[in-house]
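The block underneath contains the structure these notes are about, expressed in structure tokens.
The values are calculated or read from the model by the stated rules, or taken from the named source; none is laboratory data. Being a predicted model, the structure only gives us computed values, none of them experimental. Counting neighbours? That spans all protein chains shown, and the Cβs are built from the backbone with ideal geometry, glycine included. Remember, those area values only see protein heavy atoms, side chains included, never the ligands or the DNA or RNA. Shrake-Rupley method; radii C 1.70, N 1.55, O 1.52, S 1.80 Å.
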Amino acid sequence: MRFLVAALVLTMGLHTTASAQDSIPVLKGKLTLSISKGTLEGHFTLSNIPRLNDYVIRLNSGLNVRYFRNLDANVLIYYDKSHYDSLAYETTAYYFPGNKGKGKFLPKAVEFSYVGAFPVVRDTISNYSVDDWKGNIAFNGYSIRSDGRQSAWYPVLYDSRRDVVYDKVKYDIEVECADCNTLYVNGNVPVRGRKAQFRSDQPRELTLYCGSFNTVNRNDTYFLNPDLSPEALKQFGTLINGYKQFYEKNLGIAYKDKITFIQTTPVSKNNAWLFVSYPTIVNIGWGDYGMKMFMDKKRGDWFKPYMAHELGHYYFGTYKKFNAELGDMMSEGFSEFLSFKVTRALISDSIYVQKIRGKIKSLKEFTPVPFSKVRSVNDYNDRELYVYYYAPLLFTAIEKEIGEPAMWNWMKAILETPADYTNYAFLTQTLKNTLKDDKKTEAIKARYFETDKAIGNAMETIGIK
């Protein structure tokens, strides 16, 4: 979920990640940084590469490639760029042409060497960018912030044929930053120092946060650059554990990761948001939009549902990855629906009602394409309204139709049912398997999935105006 001081449209991929039977790429090498200069230099090898016929390798567009090398033959490789990749805004999509320029060639192991330089934003008076977003490699004067999947500061392999992105990798990398005092790579504990080796046999998306800031450890939960007092940190930890236990109890699926929280500032003046790449949750915002807003008594409990949404992404986005035309809707829509459940049960019934009313109001002029007719992300028309407003309202109405226990069972089935594509057939089949009532399933589909009147039907069922 995004809470924005100014409008911000984020490019979120609809891609799933590698399944258990796929080869998991292994990343090794060294990253050299300077937070004062805004520079990166990378020398990496990517090995254990799965056999793919149609692929691209994504690297951030601000990174200038020195060379690609085929490690098996120990020769430099000619490369080309694809202009049809779906994440072309943040990244450049590379591939290696096959013999005589036909098809694509993919070595078993590739060496990558690059350098890059990015703007360093130190204040909000005269030296700031017009916008900031998840896929940005952001230098704010005291740190570098980068996710892995969208910004691709390391080579991210994408299977174009199966719509699978290999952003999670096993890794053994050295990070060096002469003007940092703390280094962090997703899946490890933060390290005090200017140089460190980070390793993980558990595949991770490599969110990166390095710079000059403090860290706090509370019961093996790390807080990087926190803006909370010790007492507030304790209360925040209790709050988060309560949300996690609520999800565990109702879904019957345990959290397996201990979370690291990052608080940092954007390189723009007016943006603020959260993003998650487990086990890291990152909050980006100035002043009152820092992490402290979740514990600010003057603000009441209004911002707590946003954290519940991000915690919901452990299930819808990490435990289960989604792809195909409705994948983004399911990942974000069910995470937002889970935040509804936490809000009503643990935060405030009045805030729950306000959130429902606010979403209904925002949908007044919106004409969504029914789930059954969506053929691509372009059919969402307005992604923000479709995945964060329209979808969770439909799920709220469906819960009233089928009952709370059945709704939890449906979500559990979605999370645990294997599927190559999480498309409309997958969504409806899991519902059918859960209800075991063909007549009821068809009624739900007709009322909420197949009609242009789904919003009106949902409002009627929910009963909140």
With +1 on the Cβ of every Lys and Arg and -1 on the Cβ of every Asp and Glu, the dipole magnitude of the chain about its Cα centre, in debye rounded to the nearest 20, is 300
Filtered hits (aspartates and glutamates, Cα-Cα < 20 Å from Lys104, offset >= 8 within chain) -> Asp22, Asp54, Asp72, Asp80, Asp85, Asp159, Asp163
Percent relative contact order for the chain, counting Cα pairs under 8 Å at least six residues apart, stands at 14
Length gained, Arg299-Glu442, 0.36 nm per residue minus C-alpha separation, equals 47.1 nm
Summing -39500 (n - 2.57) over every DSSP H run of at least 4 in the chain, dividing by its residue total and rounding to the nearest 500, the 222 nm mean residue ellipticity is -7500 deg cm²/dmol
From the Cα centre of segment 434-465 to that of segment 186-246, the distance in Å is 42
Counting only DSSP beta bridges fully inside the chain, the antiparallel percentage to nearest 5 is 75
As a percent rounded to 5, the proportion of antiparallel DSSP bridges among beta bridges in segment 134-265 is 90
In segment 170-217 the DSSP beta bridges are antiparallel at a rate, in percent to nearest 5, of 100
Extension length gain for Thr32 and Arg192 (0.36 nm per residue less Cα distance), in nm, is 56.0 nm
Expected field for Arg69, accessible surface area in Å² at 1.4 Å probe radius, rounded to 10, holds 60
Taking a straight Cα-to-Cα line shorter than 13 Å from Lys359, and setting aside same-chain aspartates and glutamates fewer than 8 residues away, one finds Glu336, Glu384
Heavy-atom accessible area of segment 312-374 with neighbours in place, 1.4 angstrom probe: carbon+sulfur share in percent works out to 44
Relative contact order in percent for segment 365-437 (Cα pairs under 8 Å, 6+ apart) equals 25
For segment 229-370, shape from the Cα gyration tensor axes a ≥ b ≥ c, cut at a/c of 1.5 then a/b versus b/c, turns out rounded
Listed by chain and number, the aspartates and glutamates with an alpha carbon less than 17 angstrom from that of Lys195, same-chain partners under 8 positions apart left out, are Glu41, Asp172, Glu174, Glu176, Asp179
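Taking a ≥ b ≥ c as the square roots of the eigenvalues of the Cα gyration tensor of the chain, is the shape rounded (a/c under 1.5), prolate (a/b larger than b/c) or oblate?
Note, shape of the chain comes out oblate.
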Applying the gyration tensor rule to the Cα atoms of segment 20-132 (axes a ≥ b ≥ c; rounded if a/c under 1.5, else prolate if a/b exceeds b/c, else oblate), the class is prolate
Given pairs Lys244/Lys355; Lys168/Lys304; Lys341/Lys361; Lys30/Lys258 and cut-off 23 Å on Cα-Cα distance, the over-length ones are Lys168/Lys304; Lys30/Lys258
Checking rank on 337-346, 24-33, with mean other Cβ inside 10 Å and highest first, the result is 337-346, 24-33
